[in-house]
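Written below as structure tokens is the structure these notes are about.
Read-outs throughout are calculated quantities, based only on the coordinates presented, and are distinct from any laboratory measurement. All values reported here derive from a predicted model rather than from experimental measurement. Virtual Cβ from ideal backbone geometry, glycine too; neighbours counted across all protein chains shown.
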Amino acid sequence: MIRRGLAPLAVAGLTAAVFMPTLSGSFLNWDDNVNFLDNPAYRGLGREQLRWAFTSVSFGHYIPLTRLTWSLNWALGGTDPWGYHLVNVLVHAANALLFYFVARRLLAAASADGAQAGRRGHDFCAAAAVAALAFGVHPLRVEPVAWISGRADLLCAFFVLLTAWTYLRAVETAGPARRGLILVAAITLAAALLSKGAALPFAGALLLLDVYPLRRLRRLGVWPLVREKIPLLLVTLAGVGGVIYGVRHGAVLTQISEHGGLARLAAAAHSFLIARSARSGRPRYRRSTRCRSGSARSSPGSLWPWPAWCSSPRC
């Protein structure tokens, strides 16, 4: 019993320990300068900062909840990057912890025809710990944790995992308790969407979980599963509106009339060849400098040289 209780704490602690070196990092000249160093709008927790957080669509993203955490960081420590990095590490450690509990429930459901009652078994605890640790320390986690502007991904993941955990608890109950937990899941999904629009497909992912491993589709049918998720679907619909608003009013996109299909195919081929040369050990290229003037420079060290007509929202 003690060992099972220590497993999730060990996962969170090891995940945090792996990323502790990021605390000595600084702001980067890749969105951090725009979001923090050259941005007085987020500095504080007053009415003006709240208005900015809920109206800003910088880089085409409507992420008010993430921007509010930036304001909280400034209120606690100004522009010292240490505090911003610390929050990123702590949020990611919390994500690994949540991942453990979600994985444990899914593994139990997969082995017991959808039932989660046996989730506290030693095998499920061990398997969930391995899965959560792999998630926590995977190299793909480096960018959102070490890059201060990557907090949107971390915060979105936190609320998505919380939504999944709440939903998995809801399907174990019935009546008013289930409806209440579904409403809580809708609130956490809304928080995920206000952190980053990447959470838009998650309501659909819950339907897939109903098919497997929960196996609820064959027992209940399609309509009852869709009907119980109406609060989640309404939140998702509102999230679509937020994403469209952000892209239309904040993103700098290259129009098809400016660079046609042939040019876009050439850019895709260029990126593909660069990635292949990197895997084969040929010279790599450093991520290009910010292309405010419409051009981009590449130098040895990275995989992402943007073409001169770069259509990234960062250009």
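Numbers for the structure displayed
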quantity	calculated
Anisotropy class of the range 2-249 from Cα gyration tensor, a/c 1.5 cut	oblate
Sorted by Cβ density within 10 Å, fewest first, the residues Glu228, Glu172, Glu143	Glu143, Glu172, Glu228
Cα pair count fraction exceeding 24 Å, expressed as % - the range 156-264	35 percent
Computed P(r) (all Cα pairs; the range 83-204; 10 Å bins; percent)	14, 38, 35, 12, 1
Net charge of neighbours whose Cβ lies under 14 Å from the Cβ of Pro213, counting Lys and Arg as +1 and Asp and Glu as -1	+4
Relative contact order (%) - the range 2-249, alpha-carbon pairs under 8 angstrom, separation at least six	23 percent
Cut-off 13 Å between beta-carbons: net charge of the residues surrounding Leu155, Lys and Arg +1, Asp and Glu -1	+2
Efficiency of FRET between Ala263 and Val240 - r from beta-carbon atoms, R0 25 angstrom, step 0.05	0.25
Exposure proxy order (Cβ contacts within 10 Å, fewest to most) of Ser111, Ser56	Ser111, Ser56
